[in-house]
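**Q** Can you keep this structure in mind? I'll have questions shortly.
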Amino acid sequence: MGTTKSISADKLPFSRKVLFGVGDSSFSLLFTVTMLFYLYFLTDVAGLKPALAGTILLAGKAWDAITDPTVGFLSDRTRSRWGRRRPYLLFGVIPLAITYILIWQTYPFASGSQGLLFVTYTILSLLFWTSFTVTGIPYAALMPELTLDYDDRTSLVSTRMFFSIVFGLVAAVVPMIIVGAYPNLSAGYSMMGIVIGLFAVIPILITFFGTRERPEFQEMASLPLWKSLKETLKNRPFVFAMIVFLLSWACVDILASVFLYFITYVMGLTVDDVPLLMGTLFVTAMLFLPFWVFVSNKLGKKPAYIFGMAFWALVMSLIFFMKPGVPLSTLVVLCFLAGIGVSTAHLIPWAMIIDCIDYDELKTGARREGMYTGFTLFLQKLASSISLFLIGIFLQFSGYVANMIQTDTAIFAIKFLIGPVTAILLILSIVVSFFYPITRDEHNKVRTELDKRQKAAAS
């Protein structure tokens, strides 16, 4: 009888982790800039009413409900000399850059009509998010197969999230520097879209050339689409991890999208203060990644998540009580503390989700990273779009008027969104995480059984 080395024993070299992780520089930059500034761009630059602007973002996510799982399913079934995922990086990166540039332009032919503006930016948004899906889903689907070890996966996610957070910081600082270098907002946002769109090509190509896929996974059977959808939703650990991910990322997006309104309209500061505050938050999140990897390795992923989210919920509750005139240094400290929680949200939910894929393989006999990644990224974008849609509605009905001194009702609405709403969602995510069943011991049992099957098949 033949023998084979357990693939669970493989550890990914650090250099490969870096070459994979650098690709998220592009996706983090594009996604974060859009979440931070696109609602503001649509309302205060393009001239759309807040409710229509929020609806555009929601429409994009409704479309993602179709495209994300579909692209994931197609990548699971793709067979090529480059593997299952990497061809999408190579051929999808140019359309991604072009469509990103287009969503940040203003279009004079539509400026006199809310209806025409709405249609124009809806179409462009759908094209961009489709391109984002075609590259982003296969990229994320690479992660579960690069290493199969419980703790090494946390390390891999940490490396990816290092680049994600660093370029989240870039997203918070650089766009406003570019915009501020031009005489008007329209020209500034236009050039910002061009610079970032072109840059995004480079990290994705680095990941394409720097990673390799497991040939044994490409040879495995794939489920039909409908059965694949059903089996994904029947995966109980994934359902709980999915809800945790949804709630935690909704909080990240609320913080990102409302922060500019909070700083300028509630605290009475200027956009010049945004780089310092957002920079503090993202640098802290980046620096605390090794800390949360350490906590996860010692206690497990679920306890690490619970501790991180509880701390973040407390910090967000404090923000609600901030008033104009508070020293800038106080806000810097709060951003530092919030960054500790944001670090957890970037790291642990992804590490939970990729362990669910091994559990699925044990049940179905198929490797379906693409389908699971499709669902996960769809939920991430769904959480973002629903958050922004509701924020737009909430602001409009609170009496918010762009570029004006806000009423007490509008100011309360902004504070309520960034404080209590975020804290409540974080507490809900903690409650759900208690039901997530995959511990280190449970994962080791799953991998042991899968290794036995591998050895039997190779003998």
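The values are calculated or read from the model by the stated rules, or taken from the named source; none is laboratory data. The structure presented is a predicted model; accordingly, all values stated were derived computationally and were not measured. Positions of Cβ are generated from backbone atoms using ideal geometry, with glycine treated the same way; all protein chains shown enter the neighbour counts.
**Q** Got a sec? Which of 159, 120 is in a helix (DSSP H, G or I), under 19 Å from residue 357 (Cβ atoms) and among the β-branched types (Val, Ile, Thr)?
**A** 159
**Q** Looking at residue 55 and the list (1) among the polar types (S, T, N, Q); (2) over 30 Å from residue 145 (Cα atoms); (3) at pLDDT 90 or above, which single condition is not satisfied?
**A** If we test residue 55 against (1) among the polar types (S, T, N, Q); (2) over 30 Å from residue 145 (Cα atoms); (3) at pLDDT 90 or above, just (3) comes out false.
**Q** Can we say residue 168 is touching a helix residue (DSSP H, G or I) at 6+ places or on another chain (Cβ under 7 Å), at pLDDT below 85, more than 21 Å from residue 374 (Cα to Cα) and part of a helix (DSSP H, G or I)?
**A** Criteria met by residue 168.
**Q** I need every pair where a residue in the range 99-114 that is among the small types (Gly, Ala, Ser) and at pLDDT below 90 has its Cβ under 9 Å from the Cβ of a residue that is buried (at least 19 other Cβ atoms within 10 Å of the Cβ) and part of a loop (DSSP other than H, G, I, E, B), sequence separation at least 6 or different chains.
**A** The qualifying pairs are 110/46; 111/46.
**Q** Still on this structure: From the set of residues in the range 274-289 that are of a type outside the set (Phe, Trp, Tyr), closer than 14 Å to residue 170 by Cβ and under 19 Å from the mean Cα position of the chain (by Cα), which is surrounded by the most Cβ atoms within 10 Å (Cβ to Cβ)?
**A** 285
**Q** Can you give me the number of residues within the range 431-440 that are surrounded by fewer than 21 Cβ atoms within 10 Å (Cβ to Cβ), at pLDDT 85 or above and part of a helix (DSSP H, G or I)?
**A** Summing the residues that are surrounded by fewer than 21 Cβ atoms within 10 Å (Cβ to Cβ), at pLDDT 85 or above and part of a helix (DSSP H, G or I) in the range 431-440 gives 2.
**Q** Consider residue 133 against the criteria (1) touching a residue at least 60 places away in the same chain (Cβ under 8 Å); (2) out of contact with any Lys or Arg (no Cβ under 8 Å at 6 or more places or on another chain); (3) under 18 Å from residue 212 (Cβ atoms): it satisfies all of them except one. Which criterion is unmet?
**A** It fails just one condition, (3).
**Q** Further question on the same structure: Output the residue which, of all residues in the range 257-273 that are among the aliphatic types (A, V, I, L, M) and part of a helix (DSSP H, G or I), is surrounded by the most Cβ atoms within 10 Å (Cβ to Cβ).
**A** It comes out as 258.
**Q** Which members of the range 75-103 meet the condition of being in a loop (DSSP other than H, G, I, E, B), over 20 Å from the mean Cα position of the chain (by Cα) and not β-branched (Val, Ile, Thr)?
**A** 79, 80, 81, 82, 83, 84 - these are the residues of the range 75-103 that are in a loop (DSSP other than H, G, I, E, B), over 20 Å from the mean Cα position of the chain (by Cα) and not β-branched (Val, Ile, Thr).
**Q** If residue 383 passes every condition in (1) buried (at least 24 other Cβ atoms within 10 Å of the Cβ); (2) small (Gly, Ala, Ser); (3) within 21 Å of residue 302 (Cβ to Cβ) but one, which one does it miss?
**A** (1)
**Q** Return the pairs, sorted by first residue and then second, in which the second residue is buried (at least 18 other Cβ atoms within 10 Å of the Cβ) and among the basic types (Lys, Arg), the first residue lies in the range 61-74 and is in a helix (DSSP H, G or I), the beta carbons are less than 6 Å apart, and the residues are 6+ apart or on different chains.
**A** Note: pairs meeting the criteria are 61/381; 64/381.
**Q** For the range 104-119: of the residues being closer than 15 Å to residue 193 by Cβ and surrounded by fewer than 22 Cβ atoms within 10 Å (Cβ to Cβ), which is farthest from the chain's Cα centre (by Cα)?
**A** 107
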